1. Which of (1) surrounded by 13 or more Cβ atoms within 10 Å (Cβ to Cβ); (2) modelled with pLDDT of 65 or more; (3) over 20 Å from Arg193 (Cβ atoms) is the odd one out, the single condition Asp36 does not satisfy?
2. In the stretch 183-222, how many are closer than 16 Å to His39 by Cα and part of a helix (DSSP H, G or I)?
3. Taking the condition of a type in the set (D, E, K, R), modelled with pLDDT of 95 or more, assigned to a strand (DSSP E or B) and out of contact with any helix residue (DSSP H, G or I) (no Cβ under 6 Å at 6 or more places or on another chain), does Glu87 pass?
4. Can you name the residue in the stretch 138-195 that is charged (D, E, K, R) and over 16 Å from the mean Cα position of the chain (by Cα) and, of all such residues, is surrounded by the fewest Cβ atoms within 10 Å (Cβ to Cβ)?
5. Report, by residue number, each residue of the stretch 223-242 that is assigned to a loop (DSSP other than H, G, I, E, B) and either crowded, with 17+ Cβ neighbours inside 10 Å or among the hydrophobic types (A, V, I, L, M, F, W, C) (or both).
6. Test Gln134 against the criterion of being among the polar types (S, T, N, Q) and surrounded by 15 or more Cβ atoms within 10 Å (Cβ to Cβ), and give yes or no.
7. Applying the selection to the stretch 80-96, what residues are buried (at least 17 other Cβ atoms within 10 Å of the Cβ) and either hydroxyl-bearing (Ser, Thr, Tyr) or farther than 29 Å from Thr278 by Cα (or both)?
Amino acid sequence: MDSETNFSTLQLTCPICDQSSVRLFRKNSYWIRECDRCHHQFSEQQPTAKSVSQIYDGQYFQGDGPGYIDYLAEAELLQQLGQYYAERLAYYVLPGSVLDVGAAAGFILQGLMTAGWRGEGLEPNPRLAEFGQQQLDLNMTVGTLENYPTQNRFDLVMMVQVIQHFYNLKLALHTASMVTKPGGFWLIETWDRSSVLARMRGQNWHAYTPPSRSHWFSPPGLERLVAQYGFQEVARGSPSKWMNGQYRKSVLRYQLMDKAWGKTLAQGLNWMPDQIKTPYIGGDIFWGLYQKAV
């Protein structure tokens, strides 16, 4: 893939602090770079607006790969995750209006709404947005944060496992800041590149999956980034995440596919029941709650 296809553009300086960067390694034919100053990691070839619909098509939500093997089968677990975040938010803010960025079908949003939040889901995949609107009776908008209208205002902008996917990080966060009310909040969940697991696995860390993911953060790095938009960290933690057997097998198979012995080992995963629920204990995911200045 190259820039001539309008699928990717080259990013050589750090998208956070605009300083120089160096190449670390290649993954899926994409170079991963690291900033010389703040050590943010990012893909050298950044997606474009035209590529979003191709990356996050139906295959991302249903198929063996970096996404979901069957997103809809995760409905209950995702709703529970939304309820988990509603409980965390209750310590800092009363329920109000929320924009759920990268909402998919809206299951996390639905879980949040059980605690009194009212919201809108923003999702680039039109089929999933339609499912959320028709089957879950949610207010859904098809699109990306980069092109979302800035006249709307929300008490909370929720970005659960989405900030690493933005094709224009600065524009997306500028838009998020514009639509957040003074004193409002961002809730961000993402992978932790500074975690023990990430450092142990190195370039084989399972979160390195360009082009679907283009950025890899650390908690201090994300805190510095949001400060550029007038936000201050008020809380941070590790989410309570669960996976069903079907999704866990899909993730493991994806990690094994490029190894000589991987196919044989992957076949041994068939013993795991699809519906069994197990906690995610990788320790390489974090969430942060950030408040906008009044």
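The values are calculated or read from the model by the stated rules, or taken from the named source; none is laboratory data. Given the structure is predicted, the values throughout are model-derived calculations rather than measurements. No Cβ is skipped: glycine too gets one built from the backbone with ideal geometry, and neighbour counts run over all protein chains shown.
1. Condition (3) is where Asp36 drops out.
2. First pass over the stretch 183-222, keeping only residues closer than 16 Å to His39 by Cα: 191-195, 198-199, 202-203, 208, 214-222.
Then keep just the ones that are part of a helix (DSSP H, G or I); that gives 198-199, 202-203, 219-222.
Result for the stretch 183-222: 8.
3. On the way: of a type in the set (D, E, K, R): yes; modelled with pLDDT of 95 or more: yes; assigned to a strand (DSSP E or B): no; out of contact with any helix residue (DSSP H, G or I) (no Cβ under 6 Å at 6 or more places or on another chain): yes.
It is false that Glu87 is of a type in the set (D, E, K, R), modelled with pLDDT of 95 or more, assigned to a strand (DSSP E or B) and out of contact with any helix residue (DSSP H, G or I) (no Cβ under 6 Å at 6 or more places or on another chain).
4. Residues of the stretch 138-195 charged (D, E, K, R): 146, 153, 155, 170, 181, 189, 192-193.
Filter again for over 16 Å from the mean Cα position of the chain (by Cα), leaving 153, 155, 181.
Values: Arg153: 13, Asp155: 20, Lys181: 15.
Restricting to residues being charged (D, E, K, R) and over 16 Å from the mean Cα position of the chain (by Cα), the top hit is Arg153.
5. Applying the first criterion (assigned to a loop (DSSP other than H, G, I, E, B)) to the stretch 223-242 yields 228-230, 238-241.
If the condition is that a residue be assigned to a loop (DSSP other than H, G, I, E, B) and either crowded, with 17+ Cβ neighbours inside 10 Å or among the hydrophobic types (A, V, I, L, M, F, W, C) (or both), then Tyr229, Lys241 are the ones that fit.
6. Details: among the polar types (S, T, N, Q): yes; surrounded by 15 or more Cβ atoms within 10 Å (Cβ to Cβ): no.
Taking the combined requirement at face value, the residue does not satisfy it.
7. Residues satisfying the conditions are Tyr84, Tyr85, Val93, Pro95.
Conditions tested, residue by residue: (1) of a type in the set (Ser, Thr, Tyr); (2) under 19 Å from His165 (Cα atoms).
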position: Leu77; (1), (2): no, no
position: Leu89; (1), (2): no, no
position: Val98; (1), (2): no, no
position: Gly116; (1), (2): no, no
position: Glu123; (1), (2): no, yes
position: Ala129; (1), (2): no, yes
position: Thr150; (1), (2): yes, no
